[in-house]
1. Condition test on THR49, is it over 26 Å from LYS121 (Cβ atoms) and under 21 Å from the mean Cα position of the chain (by Cα)?
2. Going through CYS165, CYS201 one at a time, which residue ends up being in contact (Cβ under 8 Å) with a residue 24 or more places away in the chain, out of contact with any Leu (no Cβ under 7 Å at 6 or more places or on another chain) and of a type outside the set (Val, Ile, Thr)?
3. Listed residues ARG233, ARG223, ARG189, ARG209; which is farther than 22 Å from VAL130 by Cβ, in contact with a helix residue (DSSP H, G or I) (Cβ under 7 Å, 6 or more places away or on another chain) and of a type in the set (D, E, K, R)?
4. Across the stretch 240-262, which residue is nearest to LEU18 (Cα to Cα) among those that are touching a residue at least 40 places away in the same chain (Cβ under 8 Å) and within 13 Å of the ligand (Cβ to nearest atom)?
5. Being surrounded by fewer than 14 Cβ atoms within 10 Å (Cβ to Cβ), of a type outside the set (Ser, Thr, Tyr) and not in a helix (DSSP H, G or I) is the filter here, so list the residues in the stretch 123-151 that pass it.
6. If a residue must be crowded, with 23+ Cβ neighbours inside 10 Å, in contact with a Lys or Arg (Cβ under 9 Å, 6 or more places away or on another chain) and closer than 17 Å to ARG26 by Cα, how many such residues does the stretch 227-278 contain?
7. Consider GLY244 against the criteria (1) modelled with pLDDT of 95 or more; (2) in a loop (DSSP other than H, G, I, E, B): it satisfies all of them except one. Which criterion is unmet?
8. Can you find a residue that is over 30 Å from ASP269 (Cα atoms), at pLDDT below 95 and not aromatic (Phe, Trp, Tyr) anywhere in the stretch 60-83?
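The values are calculated or read from the model by the stated rules, or taken from the named source; none is laboratory data. It should be emphasised that the depicted structure is a prediction, and the values quoted were computed from it without experimental measurement. Reconstructed Cβ throughout: ideal geometry from the backbone, glycine too, with neighbour counts over all protein chains shown.
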Amino acid sequence: MDERDLEQRLAGIRHLGLDLDGTIYRDGVVFEFTKTFLARLDKLGIGYTYITNNSSQSTADYCVKLKRIGLPTPASQVLTSGRVTIDWLAANYPDARALNVLGTRSLRDEFREAGYSIVEKSEHGDPDVVVVAFDTEISYSRLCTTAYWIAKGRPYVATHPDLVCPTDLETVLVDCGALCACLESVTGRRPDEVPGKPNPCMLDPILARHDIEPSQLAIVGDRLYTDMEMASRTGALGVLVLTGEATREEAQKSPLPDLIVENIDSLGDMLSKAKRSS
Ligand SMILES: [Mg+2]
C-alpha cells in the first residue's frame, strides 16, 4: 500500500481491535504511552475493543484486571476467545444446553452465566458440545473425561489455537492448542472449530455491535500469525506493533501487516494526521 492509500485507509478507520499483551501492556505493565493513546482515540471519535485469545480468564476477570492496572473498561469493550466461543455456539448450536468445558472455574462460570449447564462427569449424561480452553487449573480426571467425550464423537470446539502463552517467567505455559494436540493424540480428533484469533469470526461481534465494515476496522497487535493473519483474512487493516513478539526483521519478511509501527503511540500520530487531512 502506498503512502496515499494508507492515509486514506487510516482516515476511514472507525474502530480498533486492540490486542492486549505486547500491544497495550507487557506482562501486565502498561506502556507509558497507552493512556495518552486511548485518550487520543476518544478525541478522534475512534472506538476500540480489546481482543485476547487468552481464555483462562473470563470477561469479568479481564475487567477487574484492566481496572487494577489503571485502564477501567466496560465488559462490552473486552472480547476474549472464551466469549467469542459462547457467541459461536449460540449461532451454530442453538439447541445446545449442556457443555463439557475443559477450562478454568471462571470460564466455566461465564458459560453458566450465558445459560449453559456444565457436565463434569460421564454419569451425568453426554454434553451437547465439548469446549477446550486454556485451562490453567487442569486436573487429570477432567482431562480424561473430556478426552472420553471427544473420542465418543461429541461436537468439539477449542477456544483458540495458541500452543504456548508468552511469559518471561522460567516456565512454559502450556496453552489451549497444546491441550488439543494432547487430546488429538489419544482420540485422533482435532477440534471441529476454533473461534479465536486468527479465525475471522472473532471479529463478527465487533462488526455487528458497531455496524461497521471490515475496511473501517484496524487490528492492532504484536503477533503475525494471529493478529495480522486475522486482519488479512477479514480485510481489516493490519497494524503490527513492535512492542511484543514480532521483531522488525520478521515483520518486514511477512506479507501480512499493512502497516508496521514501533508502538501504538506512533499509530496515534498517524491516525491524527490522517483524520486531520481527510
Ligand atoms: Mg499479543
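1. yes
2. Checking each option against the conditions leaves just CYS201.
3. ARG233
4. Only one residue tops the list, namely VAL241.
5. GLY125, GLU137 - these are the residues of the stretch 123-151 that are surrounded by fewer than 14 Cβ atoms within 10 Å (Cβ to Cβ), of a type outside the set (Ser, Thr, Tyr) and not in a helix (DSSP H, G or I).
6. 3
7. That leaves (1) as the condition not met.
8. No: the stretch 60-83 contains no residue that is over 30 Å from ASP269 (Cα atoms), at pLDDT below 95 and not aromatic (Phe, Trp, Tyr).
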